[in-house]
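Engineer: My structure is below; once you've seen it, I'll send some questions.
The values are calculated or read from the model by the stated rules, or taken from the named source; none is laboratory data. Owing to the predicted nature of the structure, the values given are computational and were not obtained by experimental measurement. Positions of Cβ are backbone-derived with ideal geometry, glycine not excepted, and every protein chain shown enters the neighbour counts.
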Amino acid sequence: MFERHRPSTMKQVLLSPIPRLLGAAAGVALAVGAVAQDVGVEDSETQAIAAPAPAPAAMADADSRTVFPPEDEALYMERYNQLLEAARAGAGLDSYDPLEPVAGASDPAPLPLAADPALSRAAIEEAKAYAMARNSSAFIIMVDGKIAAHEYGEGFDRTTPIVSKSLAKPVTALLVGRAIKQGHIRSLDQPVADFITEWQGDPAREKILVRHLLDMRTGLLPQGFSREPEDILNRAYLHPRHDEVIIHDYPVTHEAGTRYEYSNANSELVAPLIERATGMRYGDYLTEALLEPIGAMGGSVWTNREGGTAHSGCCLLLPAESWVRMAMLVMADGVWDGEALLPEGYTDAMRTGTQENPYYGMGLWLADEYIPERGFAHPSVPFGKVAHKEPYLDKDLVLFDGNSNQVVYMIPSQDIIILRTGSTPPKDMPWDNTVLPNILIRDAARQAGKPLPEPQPVPAGEGASD
C-alpha cells in the first residue's frame with residue numbers, strides 16, 4: 001500500500017554525503033562552544049571536535065529565501081537569541097511559546113496494575129535503579145497490558161506532561177496510519193505534493209512520498225549544526241512560519257527514496273500534511289483520531305505562532321502513560337479493544353527497515369543485526385551514537401527512541417513494554433540501550449521457566465563491547 005508558491009527559488013543542492021552534526025532537542029544545535037542534543041549526543045566536547053562548518057547550501061540567503069513580514073522575522077530573531085544565550089550554558093530552549101492544548105481522551109482511566117507481574121522483585125528493582133539513577137522523570141514496566149512497576153522523579157506523576165523531544169516522531173507515523181485508515185490519505189505511496197501543493201511542478205519534491213516523511217528518505221537536507229541565524233536549520237526550527245520555511249526554502253540534497261538522512265524537517269512536514277488531508281488542526285486530529293480511541297491523556301503542543309502550525313517533529317507534551325498506550329497499540333498490530341485503528345499490515349511497515357538504514361522503520365528503531373553502537377544519523381556517521389553493550393535478547397524488539405535517551409521498548413515475545421523519560425543521564429553514568437530490556441527479558445524467561453527468545457543476530461566477527 002503501502003501568493004508563496006515559488007518553485008524557482010526552491011533549492012536543490014548536492015551536498016557531501018556525510019551530514020553535519022545532528023542538532024538540538026527540536027532539531028537544531030546553536031553553539032557557542034557546543035551544545036548537545038537530538039540524537040543522544042551527550043559530550044559537547046565531542047560535538048565541538050566533530051561538527052564541520054555549516055554548508056553554504058544551507059544558508060537562506062536574502063536573494064532566494066521566501067520573504068515573510070518583518071514582525072515574523074523579529075520574532076524569529078528573538079527566539080534565536082534566546083536559544084543562543086541558552087546554548088552558552090549547554091542548554092536548549094527553556095520553554096515553548098505558544099503552546100496549544102491537546103485535549104486527549106475525555107475520560108482517561110489509569111492503566112491497570114498487575115497483581116502478579118510475572119517478574120521478580122530483584123529484576124524490577126535492578127531495572128528501576130538503573131533508570132532512576134540516570135535523571136529519569138518516569139519509568140514504567142508493562143507486562144501483559146498491566147503495570148508491573150512504575151516510578152516518577154521529583155515533581156512528576158502519572159498526569160505530568162513529558163516533553164517528548166523526538167518521541168513525537170512515532171506519533172507522526174501513527175497519525176498517518178489513522179489518516180490512511182479513515183480515507184484522508186490513499187496510501188504510504190501517495191505523493192506528498194498532493195497535499196503540499198506548493199511542490200507540484202518541482203521535479204525533486206514531486207518524488208517525495210508520504211512514507212519518505214516517516215522513514216527519513218525524503219532527500220531533504222540532513223540535521224546539522226549551525227550558529228548562524230540565516231542557516232535554514234535554525235529557521236526551520238524557530239521561525240514563526242517554520243512550516244512555510246521548510247516547504248519553500250529547505251534544500252533537497254538527494255533524490256527521494258535513495259538515502260536515509262535523519263532530519264526533523266521530515267517529521268515537521270507531517271503537521272501540514274495531516275492538517276491539509278483532514279481539514280483539522282494537528283492537535284485536534286491527534287486527540288480525535290488517536291488519543292481518544294486509546295484512552296490516552298492529553299497535554300499540549302508547541303505551535304510556531306498563535307493559531308499557526310504545530311511542531312510535529314518535536315515539542316509534544318503528554319503524560320508518560322500516553323506514550324505507553326501508543327506502544328501498546330503498536331504491539332497489538334494497530335488493534336484497540338477489538339477495533340482496527342490502523343490499516344492491516346501498517347505496524348509491520350512501521351517495523352520494517354530500509355536498505356538505506358535497516359535500523360529504522362517508520363518512527364520505530366529496530367534491532368536488526370547487532371552493532372556495539374547505533375546512531376540516529378546516516379549509518380556512516382561515526383559520532384552521535386548510543387551504546388549497545390550486548391545484543392538485544394529479542395531480535396523482534398523495537399523502540400521509540402529520542403533525545404536524552406527517552407525510550408519506549410516493545411518486546412513482543414514476552415508482551416513487555418518499558419518506558420524511560422527524563423533529561424540526559426550524567427556523564428559518569430552513560431546510557432546503554434540494551435540494559436533495561438535485557439534485564440527484564442532474562443528474568444521473564446527465568447520466571448516462566450521458558451527459554452530465552454531468539455536474540456538479535458550477531459554478524460561474524462562482531463562481539464559485544466567491553
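Engineer: Are any of the residues in segment 422-430 of a type outside the set (Phe, Trp, Tyr), in contact with a strand residue (DSSP E or B) (Cβ under 7 Å, 6 or more places away or on another chain), under 23 Å from Pro358 (Cα atoms) and assigned to a strand (DSSP E or B)?
Structural biologist: Step one: list which residues in segment 422-430 are of a type outside the set (Phe, Trp, Tyr), which gives 422-430.
Then drop every residue that is not in contact with a strand residue (DSSP E or B) (Cβ under 7 Å, 6 or more places away or on another chain), which leaves 422, 430.
Cutting the leftovers down to under 23 Å from Pro358 (Cα atoms) gives us none.
No, segment 422-430 contains no residue that is of a type outside the set (Phe, Trp, Tyr), in contact with a strand residue (DSSP E or B) (Cβ under 7 Å, 6 or more places away or on another chain), under 23 Å from Pro358 (Cα atoms) and assigned to a strand (DSSP E or B).
Engineer: Against the conditions (1) surrounded by 14 or more Cβ atoms within 10 Å (Cβ to Cβ); (2) at pLDDT 95 or above; (3) not in a loop (DSSP other than H, G, I, E, B), where does Glu125 fall short? Just the number, please.
Structural biologist: Failed condition: (1).
Engineer: Of the conditions (1) modelled with pLDDT under 95; (2) outside any loop (DSSP other than H, G, I, E, B), Pro117 fails just one. Which one is it?
Structural biologist: So Pro117 meets the others, but not (2).
Engineer: Taking Leu290 as the residue in question, decide whether it is within 29 Å of Arg79 (Cα to Cα) and either buried (at least 20 other Cβ atoms within 10 Å of the Cβ) or at pLDDT below 95 (or both).
Structural biologist: On the way: within 29 Å of Arg79 (Cα to Cα): no; either buried (at least 20 other Cβ atoms within 10 Å of the Cβ) or at pLDDT below 95 (or both): yes.
Against the criterion (within 29 Å of Arg79 (Cα to Cα) and either buried (at least 20 other Cβ atoms within 10 Å of the Cβ) or at pLDDT below 95 (or both)), Leu290 does not qualify.
Engineer: I would also like to ask the following. Of the residues Ala277, Ala296, which is of a type in the set (A, V, I, L, M), in contact with a Phe, Trp or Tyr (Cβ under 6 Å, 6 or more places away or on another chain) and modelled with pLDDT of 95 or more?
Structural biologist: Ala277
Engineer: Pairs only if they're at least six apart or on different chains, beta carbon under 6 angstrom, first in segment 105-132 and farther than 27 Å from Val435 by Cβ, second surrounded by fewer than 19 Cβ atoms within 10 Å (Cβ to Cβ) and not hydroxyl-bearing (Ser, Thr, Tyr); list them, first residue then second.
Structural biologist: Qualifying pairs under 6 Å: Ala105/Glu292.
Engineer: Can you name every residue in segment 255-276 that is among the basic types (Lys, Arg) and assigned to a helix (DSSP H, G or I)? Walk me through how you get there before you give the answer.
Structural biologist: Within segment 255-276, the subset among the basic types (Lys, Arg) is 259, 276.
Scanning segment 255-276 gives a single hit, Arg276.
Engineer: Do you know which residues across segment 345-387 are under 18 Å from Ser166 (Cβ atoms) and among the polar types (S, T, N, Q)?
Structural biologist: Scanning segment 345-387 gives a single hit, Asn357.
Engineer: While we're looking at this one, here's another question. Right, Tyr282: within 22 Å of Ser106 (Cα to Cα), surrounded by 20 or more Cβ atoms within 10 Å (Cβ to Cβ) and touching an Asp or Glu at 6+ places or on another chain (Cβ under 6 Å) or not? Full working, then the answer.
Structural biologist: Values: within 22 Å of Ser106 (Cα to Cα): yes; surrounded by 20 or more Cβ atoms within 10 Å (Cβ to Cβ): yes; touching an Asp or Glu at 6+ places or on another chain (Cβ under 6 Å): yes.
In short, yes.
Engineer: Quick one: Val301 ticks every box in (1) closer than 18 Å to Leu364 by Cα; (2) touching a Cys at 6+ places or on another chain (Cβ under 9 Å) bar one, so which box is it?
Structural biologist: Of everything listed in (1) closer than 18 Å to Leu364 by Cα; (2) touching a Cys at 6+ places or on another chain (Cβ under 9 Å), Val301 misses just condition (1).
Engineer: Ok, one more. Can you give me the number of residues within segment 133-174 that are more than 17 Å from Ile411 (Cα to Cα), charged (D, E, K, R) and modelled with pLDDT of 95 or more? Show your work before the answer.
Structural biologist: In the first step, residues of segment 133-174 are kept if they are more than 17 Å from Ile411 (Cα to Cα); the result is 133-138, 150-169, 171-174.
Retained after the next criterion (residues that are charged (D, E, K, R)): 134, 151, 154, 157-158, 165, 169.
From the residues that got through so far, the ones that are modelled with pLDDT of 95 or more too are 134, 151, 154, 157-158, 169.
Residues flagged as more than 17 Å from Ile411 (Cα to Cα), charged (D, E, K, R) and modelled with pLDDT of 95 or more within segment 133-174 amount to 6.
Engineer: Quick check on segment 330-388: of everything there that is of a type in the set (Val, Ile, Thr) and in contact with an Asp or Glu (Cβ under 6 Å, 6 or more places away or on another chain), which residue is farthest from Tyr260 (Cα to Cα)?
Structural biologist: The qualifying residue farthest from Tyr260 (Cα to Cα) is Thr347.
Engineer: Which of the following residues is of a type in the set (A, V, I, L, M, F, W, C) and crowded, with 19+ Cβ neighbours inside 10 Å: Trp365, Trp336? Write out each step before concluding.
Structural biologist: Values: Trp336 fails: crowded, with 19+ Cβ neighbours inside 10 Å.
Among Trp365, Trp336, only Trp365 is of a type in the set (A, V, I, L, M, F, W, C) and crowded, with 19+ Cβ neighbours inside 10 Å.
Engineer: Can you tell me which residues in segment 303-318 are surrounded by 22 or more Cβ atoms within 10 Å (Cβ to Cβ), within 18 Å of the chain's Cα centre (by Cα) and of a type outside the set (Val, Ile, Thr)?
Structural biologist: Ala310, His311, Ser312, Gly313, Cys314, Cys315, Leu316, Leu318
Engineer: If I ask for residues that are exposed (fewer than 14 other Cβ atoms within 10 Å of the Cβ) and under 30 Å from Met280 (Cα atoms), which ones from segment 99-122 would you list?
Structural biologist: The answer is Pro101, Ser106, Asp107, Ala109, Pro110.
Engineer: Turning to a different aspect of this structure: For segment 64-113, give me each residue that is outside any loop (DSSP other than H, G, I, E, B), modelled with pLDDT of 95 or more and of a type in the set (A, V, I, L, M, F, W, C).
Structural biologist: Listed by number, the residues that qualify are Ala74, Leu75, Met77, Leu99, Val102, Ala103, Leu113.
Engineer: Being among the hydrophobic types (A, V, I, L, M, F, W, C), surrounded by fewer than 11 Cβ atoms within 10 Å (Cβ to Cβ) and either in contact with a helix residue (DSSP H, G or I) (Cβ under 7 Å, 6 or more places away or on another chain) or at pLDDT 95 or above (or both) is the requirement here; does Ala60 meet it?
Structural biologist: no
Engineer: Could you tell me which of the residues Glu261, Glu268 is acidic (Asp, Glu), in contact with a Pro (Cβ under 8 Å, 6 or more places away or on another chain) and buried (at least 20 other Cβ atoms within 10 Å of the Cβ)? Don't jump to the end; show me each part of the working.
Structural biologist: On the way: Glu268 fails: in contact with a Pro (Cβ under 8 Å, 6 or more places away or on another chain).
Just a single option satisfies the conditions, and that option is Glu261.
Engineer: Only helices (runs of 4 or more DSSP H) wholly contained in segment 175-250 count here; list those with 1 or more residues that are more than 20 Å from Asn357 (Cβ to Cβ).
Structural biologist: On the way: elements: 210-215, 232-238, 242-249.
Correct list: 232-238, 242-249.
Engineer: If you don't mind, there's one more thing I want to ask. Select from segment 129-141 the residues that are surrounded by fewer than 19 Cβ atoms within 10 Å (Cβ to Cβ) and in contact with a strand residue (DSSP E or B) (Cβ under 8 Å, 6 or more places away or on another chain) and write down the one among them that is farthest from Arg446 (Cα to Cα).
Structural biologist: Within segment 129-141, the match that is farthest from Arg446 (Cα to Cα) is Asn135.
Engineer: Somewhere in segment 455-464, is a residue over 20 Å from Val386 (Cα atoms), in contact with a Leu (Cβ under 7 Å, 6 or more places away or on another chain) and either among the acidic types (Asp, Glu) or modelled with pLDDT under 95 (or both)?
Structural biologist: Going residue by residue through segment 455-464, those that are over 20 Å from Val386 (Cα atoms) are 460-461.
From what's left, in contact with a Leu (Cβ under 7 Å, 6 or more places away or on another chain): none.
No - not one qualifying residue is present in segment 455-464.
Engineer: So, one more: Could you list, in sequence order, the residues of segment 241-263 that are in contact with a helix residue (DSSP H, G or I) (Cβ under 8 Å, 6 or more places away or on another chain) and closer than 18 Å to Arg305 by Cβ? So that I can check it myself, show each step before the final result.
Structural biologist: At the first step, the residues of segment 241-263 found to be in contact with a helix residue (DSSP H, G or I) (Cβ under 8 Å, 6 or more places away or on another chain) are 241-243, 245-253, 255-257, 260.
Those that are in contact with a helix residue (DSSP H, G or I) (Cβ under 8 Å, 6 or more places away or on another chain) and closer than 18 Å to Arg305 by Cβ: Arg241, His242, Asp243, Val245, Ile246, Ile247, His248, Asp249.
Here's the yes/no breakdown for (1) modelled with pLDDT of 95 or more; (2) in contact with a Cys (Cβ under 9 Å, 6 or more places away or on another chain); (3) of a type in the set (Gly, Ala, Ser); (4) under 25 Å from Ala173 (Cβ atoms):
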site: Glu369; (1), (2), (3), (4): yes, no, no, yes
site: Val381; (1), (2), (3), (4): no, no, no, yes
site: Lys389; (1), (2), (3), (4): yes, no, no, no
site: Thr421; (1), (2), (3), (4): yes, no, no, yes
